[in-house]
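What follows is a set of notes on a single structure, which appears directly below.
The values are calculated or read from the model by the stated rules, or taken from the named source; none is laboratory data. What you see is a predicted model; the values in this text were computed from it and never measured. Positions of Cβ are generated from backbone atoms using ideal geometry, with glycine treated the same way; all protein chains shown enter the neighbour counts.
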Amino acid sequence: MLLRHALALAATLVCLAFGAHAQEGPWKLVNPPQPTENNGKIEVIEFFWYGCPHCYALEPELVAWLKHAPPDVDFKRVPAYPSESWGEAAKLFYTLETMGLLPQLHEKAFDAIHKEQINLFNKRQRDEWLKKNGVDPAKYDAAEKSFTVATKLARAKQMTQAYHVDGVPRVVVGGKYYTSSEQAGGASKVFAVVDQLVDMARREQKSAAAPAPAKSAAAKK
């Protein structure tokens with residue numbers, strides 16, 4: 001019950017954070033735009049928190065979208081890190097990623113928290129869950145304390161601040177646009193908006209790469 005109450009309170013705070021902004025449409029501009037690390041592809045980032053029921057509701061939509069995502073999209077998950085109270089969730093994500101366990105345990109972590117009422121942010125309960133899933137808690141602890149995880153956590157915190165993430169889930173496209181379940185009108189509509197934003201970013205990318213038209217002979221004179 002304590003975990004359920006804590007998550008309900010957090011969800012309320014997340015909704016309040018989104019509600020503090022007037023809704024102007026299904027997406028907004030990132031201000032200021034952020035540089036992307038995409039090797040010429042269109043970067044799509046999902047900021048999320050394992051404890052967020054809205055992120056949990058969006059996960060099946062995200063998984064379905066990823067199966068057919070355009071080849072010029074570079075997708076990344078980033079655990080939002082606006083405060084130390086969210087740090088344990090970010091540690092869980094990056095520790096599992098560093099151990100190569102994210103593909104098989106990411107969705108299970110969501111299920112454990114929201115279906116099974118297991119507090120994965122509590123070490124004792126997390127260790128029991130890890131053992132149940134065939135993971136040595138001692139190896140997990142060592143990975144959690146690694147330089148790799150510390151570096152990723154610092155980057156997540158910096159990105160959360162740079163993108164002014166004050167509510168989750170939030171999906172950012174091309175470092176310039178973002179949408180959410182609330183803005184899109186529900187989890188089932190988020191990735192239709194994302195596809196629209198990807199198309200906008202793609203057209204902007206092509207326009208920026210197009211050579212300038214050659215000057216006419218008359219213009220040169």
Item to check | Matching residues, the range 125-173, being more than 17 Å from Phe48 (Cβ to Cβ) and either in a loop (DSSP other than H, G, I, E, B) or touching a Leu at 6+ places or on another chain (Cβ under 8 Å) (or both) | outcome: Arg126, Trp129, Asn133, Gly134, Val135, Asp136, Pro137, Tyr140, Lys145, Ser146
Checklist entry - When you scan the range 22-71, how many residues do you find that are under 18 Å from Gly186 (Cα atoms) and touching a Leu at 6+ places or on another chain (Cβ under 7 Å)? => result 3
Checklist outcome for this item: Those residues of the range 50-81 which are buried (at least 19 other Cβ atoms within 10 Å of the Cβ) and either closer than 17 Å to Gln158 by Cβ or touching a Gly at 6+ places or on another chain (Cβ under 6 Å) (or both) amount to Val78, Pro79, Ala80, Tyr81
Item to check | Flag for Ala90 being surrounded by fewer than 18 Cβ atoms within 10 Å (Cβ to Cβ) and assigned to a helix (DSSP H, G or I) | outcome: no
Checklist entry - Looking at Gly174, Gly185, which is the one that is surrounded by 16 or more Cβ atoms within 10 Å (Cβ to Cβ) and of a type in the set (Gly, Ala, Ser)? => result Gly174
Checklist entry - Residues in the range 5-55 that are part of a helix (DSSP H, G or I) and modelled with pLDDT under 95: how many? => result 15
Item to check | Selection count, the range 183-212, where residues are over 20 Å from the mean Cα position of the chain (by Cα) and not hydrophobic (A, V, I, L, M, F, W, C) | outcome: 7
Checklist entry - Condition test on Ala69, is it in a helix (DSSP H, G or I) and small (Gly, Ala, Ser)? => result no
Item to check | Pairs, first farther than 16 Å from Met99 by Cβ and in contact (Cβ under 8 Å) with a residue 60 or more places away in the chain in the range 121-145, second surrounded by 14 or more Cβ atoms within 10 Å (Cβ to Cβ) and among the aromatic types (Phe, Trp, Tyr), C-beta under 9 Å, six or more apart | outcome: Phe121/Tyr50
